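Each remark here refers to the structure printed beneath this line.
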Amino acid sequence: MRLGVDVGGTFTDLVLHDESNGRVVQAKTPSTPEDQSIGVANGVKLICEKAGVDPKDISLILHGTTVATNAVLEGKGARVGLLVSEGFEYTLHLAKSWTPGPLFGWIVMDKPEPLASLKDTRGIPERMNARGEIVTPLDREKATALIDDLCSSGIEALTISLMHAYANPEHERALAEIVKERYPDIPVSLSSDILPEFREYDRAITTVMNDYVRPIMKRYLSRIEERLASEGLSSRLHIVRSDGGLMSANAASERPVHTVLSGPAGGVTSTVMIARRTGIRNLLAFDMGGTSTDVSVILDGEPTISRSTEVGSFPAKVPTLDVRSVGAGGGSIADVSELTNSLRVGPRSAGARPGPVSYGRGGTEPAVSDANVVLGYLPPVLLGGDMKLDVDGAREAVGRVGAQLDLGPEEAAQGILDIANEVMLGALRVITVQRGYDPRDFGIVAFGGAGPLHANAMAELLGCYPVVVPTNPGVLSALGFLEAEFKNEFVQTFIRSTKGMDADMVWTRFAELQDKAVEWLDAEEVPTGDRTIRYSLDLRYEQQGFEVTVEIDKATVEARGGLEGVIERFNELHEQLYGVRFHVPVELVALRVVATGATMPVKESIAAVEGSDLADALIETRPSFFKGEWVDTPNYDRAKIPPGVKVPGPAIIRQYDTTTVLLPDHYAELEPHGNLLIWPNSKDA
Amino acid sequence: MSTVDPITLDIIENALKNARFEMDGVVVRISLSPVIREQHDEFPMICNHRGQMIVGQFGSYIPAIVEQFDGDLNEGDIFVWNDPYACKGSISHNNDWCVMMPIFHEGVLVGFSSIFGHMVDVGGKVPGSMPFDARTIWEEGLRVPPVRIYDKGVLNEGVLAIMLNNSRTPDMNRADLMALIAGCKTAAKRVGELCDRFGRETYMAATDMLLDRTRDAMKVLISKYISEEPVSFTDYVDDDGVGNGPFKMTLSIYMKDGKAVFDWTGTDDQAEGPINFHIHEGLCKLFFGVYMIMAFDPDILFNEGFYDLFEIILPEGSLLNPKFPAALSNRLNTHTRFFDCQAGALGQRAPHLSMAAGYGTSPHFIFTGHDSEGKYFQLMELLFGGVPGRPRGDGLDGHAWWPLFSATPIEYIENYYPVQVDSYRPVKDSGGPGLHRGGAGIEKVYRVLESGKISIHDDREVVPPWGINGGLFGGTSAKWIVRQTTGEKERIPSKIDNLEVEAGDVIIFRTAGSGGWGDPYERPAEEVARDVRYDLVSPEKALEGYGVVLGDDLSLDVAATEKLRAERRAERGEPEPFNFGFTPQSA
């Protein structure tokens, strides 16, 4: 039995899968932000009781965690010491000198304190050049004195990030030895281990971020293991990486920076599952929560991977699922600008407390959810019946904003939704059209609490159909973890023009990386039959600043032939992405080997619905506001919608963990795997 | 004019903003030169059918170009130019190549997209095309008047060949130009989609309303902060590179006949050297507008709607309105001082919203030569300095005053050029003392590994960046060369071209800091002590500038500090609104 655990800001979601009978059980328990492991343990207990299983029978726990992200966002990480090359002590302080736009953007810039303080930074006498040759030898005596000074000052972790260490890690390793000998209890991260790529600021900040969250992650994971053990579990704990892969708990406590996007990864992995099962191979993942919306692209059944992400104001150069986040969610607040009288939505959010006005917890400013209430999209009582919404309060608050623009409450509510949709549309456009993909070639998967409320409108704007509302959109992330695979990436920066290059230099390096990959797969005990190793090269036109990753198949790597085919593929990709190819030399920047270990797919059995009459699913008919007028709109219980029946729009479809808005001129139907699909009527015309 | 409902209007505003950032994304990904790619020296905009900027950051030059073609614009036309004199100062030196594309929807002109970006080299007498000692624009590289680089969709190979043939870096320029064009095409596509989605009439009406909306906001700001009684401010550019200077720039602001007048009368005559800033009147308006917007409500859409509320006086033959063929390539010093005067003048009416002066230019370092394999190399790098003390907090140490720029990674430079950077740090004591300390300048130490030539362009070596509201002035810039043969440290000027260097020579490049904001005696003493521990402020400066007394172990002496500060306050009285640290010899 496998258990997926997703710890969110408000709830901890759990999904248990029993391979022997295909049964899937879900549970939800309040999160415990002060110590997330308490909520996890509670959840495990709850789900075992609910499913009637013995905790001992759970063999694997797959866990997505926001512990690392939160530590960075809240500035609550460890005190990190930093050793750099002498002369570069201010690398983090200067932070690439970037200031925001437009002109005078610096007037309003807030710059956070670096993750490693200047008082905890020491410059070591040593220097490598770009080729990895020693220019100034390491002065061990001085280095030891500096290390003693720093390591006895109360730091909790140490980062070593020296100039050009990606080209030659010798000095970093020598310093690590000195520290290990004298301060064996202080965890050390080397930039040449964490991110062996050039660009000193990015490498340093990523490695420091690793150390910043490392002691916290370590404590957290050991607490979880203790608590699970006391609940009688002896299962292996795996942590979901930012790129959707899995790593052992042990690896996660060494390299927690790889988990900064662990949370959203589950939803993307689930979307991949949906793509593979439904045969809709191109999908947009649309995860709309309370404060923000995460979007990403699934292309031909594969997620897209990005080489970097941002955590708060800090860049982290680690492989992540390419998830775009925008500050618009159900809790985003709408207000009117004083000077221009324009309506604005977000990024300010009502959060869980006080929450939108309609939650009746003291919120006074209208949020996106309130607009959904005003228009009759969210019913006054949510299914499950435990939460009543304050419809009058929402209407009054939205009305107040509308009055400033001479709009009635309905028009204002519609406006709030339209603007929130436009903001989210911007994010979807970045990940599609900006990358050369046509959104009309994609469907859109709606999840998160608010996703299904807005997805039909997004599809109408972008032309991405069908809208897919999964069976359990509220716990989709936890479900996604169950299908995550083991994954690790091995990189070597190797900057060299391909013009006249001996291709053997590439193949030899690939062989070395492959050895490392196999070693790792062995350590993670991945059975031989489940292993996959993939190869790619990062290429660009000489002196260009961004690389295009070109996949290379195993046969090509083993054949050890010329690079012409690879370069032509690069030219094609560049043209596809940016509409232009150049006739200048192509340059190699890095080699990558990605090792994966497959996990067993979740086989979900679907509860059959009796009967074939849609009328049986009708809960009530109540007014909702569509296209400028109130329309009596049927509200259906999703669990009772018979398969193969077309639900005509407009309609509201309710279920335990979400509400779906089906717009006029659209219809919905269930597909064989239980997903609800929404299509425009014109599809069949 | 038909009206558009407020929601559609806001959607179109958001969509145009998204499109404008998409332009950046496209340009940065395709371009080859580090100046555009790593440092983002490119400026996109989207205009309406009259050429008024709706979104972007520089704006204003389209009508002057359209006029030259008698309005003969066709679908698929793309224009390019770089001659400041042939486009009424829409761009201000030859290095900026500007691309403009009319946007058609179903055959009807609905707008323009345009981007200009800094080319690494456009010919002329020195690598980089910005000779510090040019006396006419003829020395500053190829001048391209507005021409069609694409005529109804067909590339004009001849124009492209001429442009590239006159550059030392043709491959880079080709890619960078194609990047700018791709950016414009992206915007055109988005505008077309908006016309499809909302209807062309609605889209065009909306762009007018967006202009009006910003105009209304500006009207409120003007009535609040600009009065009939003039406020004036004077600042100086060090020198023009050929031995003249400092150059005075004076700005007066007042209301007259319901318009805000920005009057540069009193500004010195044009310079013999290349620091003249041939500025388009519309750009002046834009610069004032954006400052007000950023200081008061950064969320206001930044566009040209308010132009008729402003009047600009640029005395003919002055630094800001030079006569052809005055040299222009190093106009950035004047350009930046323009902003310093603006902040100084506007700040007097609203001290709580005012900013001090910054490092005051865009410092350049250029290193050229041939490597051991005989291959030509040309490193050009922009440096940064002190970003001013501001109401929001301390100035930023060694950050970009210019928007969205960032430092080229040192590991990148060392991978591609025969140079090694020995150290890179903020300059101690260069941030002007203040309640909010001014940002520190940068010190970058380059060791050249091949013989070649270096060029440097910088300013604020003589006239320091001033402090405001009681804040003190910041540190000046300085450069030295340490010859490997002699080991001697020799001062070199802030403007110099083609200085011969040998492998092993070291160049120490220090940029200016910035002025402080507010009374330094009000700065929490613990923050001063921290800056000393971080080696950003010396114990001496802590004592002299802030009245903060530290022990030998740099610990704070609270009692002695309070006593000293009380004495100093009594002695000084109310602080001066400005602190210049510079007195002109003949006022």
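The values are calculated or read from the model by the stated rules, or taken from the named source; none is laboratory data. Treat the numbers as computed from the prediction; the structure is a model and nothing was measured. Note that each Cβ is placed from the backbone with ideal geometry, even for glycine, and that neighbours are counted across all protein chains shown. Surface areas here come from the heavy atoms of the whole protein model, side chains and all, with no ligands, DNA or RNA. Shrake-Rupley method; radii C 1.70, N 1.55, O 1.52, S 1.80 Å.
Under the rule a/c < 1.5 gives rounded, and otherwise a/b versus b/c splits prolate from oblate, where does chain B land using the Cα gyration tensor? Oblate, because a/c is 1.5 or more while a/b does not exceed b/c.
Calculated mean residue ellipticity, 222 nm, the protein assembly as shown: -9500 deg cm²/dmol, from DSSP H runs (n ≥ 4) at -39500 (n - 2.57) each, averaged per residue and rounded to 500.
Among the helices of chain B, those built from whole DSSP H runs whose Cα atoms reach 15 Å or more along their own axis and whose mean Kyte-Doolittle hydropathy is at least -0.5 are B:6-30, B:170-198, B:200-225, B:281-296, B:332-347. Cross-link partners of B:LYS563 among lysines, defined as those whose alpha carbon lies under 27 angstrom from its own and excluding same-chain residues fewer than eight positions apart: B:LYS428, B:LYS541.
In this calculation the C-beta distance from A:GLU133 to A:LYS45 is compared with R0 = 60 Å, giving a FRET efficiency of 0.55.
Distance between the 7 Å Cα→Cβ label points at A:ARG236 and A:GLU485: 1.6 nm. Between B:SER555 and A:GLU113, the FRET efficiency estimated from the beta carbon spacing at R0 = 30 angstrom works out to 0.90.
In percent, rounded to a whole number, the relative contact order of segment A:486-597 is 50, using alpha-carbon pairs under 8 Å and six or more apart. Computed from phi, the 3J(HN,Hα) profile of segment A:23-28 under the Karplus parametrisation 6.51, -1.76, 1.60 (θ = phi - 60°) reads 7, 10, 10, 10, 8, 9 Hz, with x in place of Gly and Pro. Label sites at A:ASP504 and A:VAL631, each approximated as a point 7 angstrom past Cα along Cα to Cβ, lie 7.1 nm apart. Here the calculated FRET efficiency for B:SER232 and B:ARG572, from their Cβ-Cβ distance with R0 = 35 Å, stands at 0.90, rounded to the nearest 0.05. Once backbone amide H atoms are built at 1.01 Å from N, A:PHE11 has A:SER31 as its partners under 5 Å, excluding neighbours fewer than 5 places away on the same chain. Counting Cβ atoms of other protein chains within 10 Å of each Cβ in A:108-117 and taking the mean gives 2.
Taking 7 Å steps out from each Cα toward its Cβ at B:HIS370 and A:SER313 produces label points 4.8 nm apart. Backbone geometry of segment B:250-258 corresponds, through the Karplus equation with coefficients 6.51, -1.76 and 1.60 at θ = phi - 60°, to 3J(HN,Hα) couplings of 10, 10, 10, 10, 7, 8, 8, 6, x Hz, x marking Gly and Pro. Shown for segment A:73-95: residues covered by the partner protein chains by 10 Å² or more of accessible area relative to the chain by itself (probe radius 1.4 Å), namely A:GLY87, A:PHE88, A:TYR90, A:HIS93, A:LEU94. Shape call for chain A from the C-alpha gyration tensor, a ≥ b ≥ c root eigenvalues: rounded (a/c under 1.5), prolate (a/b greater than b/c) or oblate? Note, shape of chain A comes out prolate. Give the residues of segment A:10-36 whose amide nitrogen is closer than 18 Å to a point set 7 Å from the Cα of A:LYS76 in the direction of its Cβ. Backbone N within reach: A:10-12, A:30-36.
Which of the residues in segment A:428-469 show a loss of at least 40 Å² in accessible area from their chain by itself to the complete set of protein chains, at a probe of 1.4 Å? Correct list: A:ARG429, A:GLN434.
Screening chain A for whole DSSP H helices of 27 Å or more along their axis (Cα) with average Kyte-Doolittle hydropathy at least 0.5 returns A:409-431.
Packing, as the average of other Cβ atoms within 10 Å across residues, places the peptides A:395-401, B:418-424, A:107-113 in the order A:395-401, B:418-424, A:107-113, highest first.
Under the definition of Cα pairs under 8 Å and six or more residues apart, what whole-number percent is the relative contact order of chain B? Over chain B, the number comes to 12 percent.
The contact between chain A and chain B removes approximately 6800 Å² from the accessible area (both sides summed; 1.4 Å probe; ligands, DNA and RNA excluded). Packing, taken as the mean count of other beta carbons within 10 Å per residue, orders the peptides B:187-199, B:318-330 from highest to lowest as B:318-330, B:187-199. Solvent exposure of segment A:281-465, expressed per residue, is 34 Å² of accessible area, with all protein chains present and a 1.4 angstrom probe.
Ignoring ligands, DNA and RNA, what percent of the accessible area of segment B:231-520 is carbon or sulfur (1.4 Å)? Summing carbon and sulfur atoms, their accessible area is 47 percent of the total for segment B:231-520.
All other residues whose Cβ lies under 12 angstrom from that of A:SER624 are scored, Lys and Arg at +1 and Asp and Glu at -1, for a net of -2.
Looking at the protein assembly as shown, the DSSP beta bridges with both ends there are about 80 percent antiparallel.
Averaged over its residues, segment B:128-211 has an accessible area of 38 Å² per residue, based on protein heavy atoms and a 1.4 Å probe.
How big is the gap, in Å, between the Cα center of segment A:100-138 and the Cα center of segment A:654-685? Comparing the Cα centres of segment A:100-138 and segment A:654-685, I get a distance of 52 Å. Relative to its Kirkwood radius, the Cα radius of gyration of segment B:6-215 gives an Rg/Rh of 0.98.
Packing-based ranking of A:647-655, B:453-461 yields B:453-461, A:647-655, ordered from highest to lowest mean Cβ neighbour count within 10 Å. For segment A:614-684, just say rounded, prolate or oblate: build the C-alpha gyration tensor, square-root its eigenvalues into a ≥ b ≥ c, call rounded for a/c under 1.5, and beyond that prolate if a/b exceeds b/c, oblate if not. Oblate is the answer for segment A:614-684, as a/c is 1.5 or above yet b/c matches or exceeds a/b. Here the accessible area of segment A:21-143 is 51 percent carbon and sulfur, with a 1.4 angstrom probe and all protein chains present.
Take each residue in B:415-423, count the other chain C-beta atoms within 10 Å of its C-beta, and the mean is 5.
Computed on segment B:477-541, with alpha-carbon pairs under 8 angstrom and 6+ residues apart, the relative contact order is 30 percent. Looking at segment A:1-121 alone, DSSP beta bridges between its own residues are antiparallel in about 70 percent of cases. The distance from the alpha carbon centre of segment B:207-243 to that of segment B:481-524 is 33 Å, rounded to a whole number. What net charge is computed for the residues neighbouring B:ARG174, neighbours being all others with C-beta under 15 Å from the C-beta of B:ARG174, Lys and Arg scored +1, Asp and Glu -1? Local charge sum for B:ARG174: -2. Taking every residue in B:19-30 and counting other chain Cβ atoms within 10 Å of its Cβ, the average works out to 4.
Taking all protein chains together and a 1.4 Å probe, the residues A:GLU197, B:GLU281 rank B:GLU281, A:GLU197 from largest to smallest accessible area. Most simply put, chain A has about 75% antiparallel DSSP beta bridges, counting only bridges with both residues inside it. Under 17 Å Cα to Cα from A:LYS56, which lysines show up? Leave out anything in the same chain fewer than 8 places away. Cross-link targets: A:LYS45.
Summary of the geometry: segment B:1-58 and segment B:320-335, compared by the centres of their Cα atoms, lie 27 Å apart. Solvent-accessible area of segment A:281-465 (1.4 angstrom probe, protein heavy atoms only): carbon and sulfur portion equals 46 percent.
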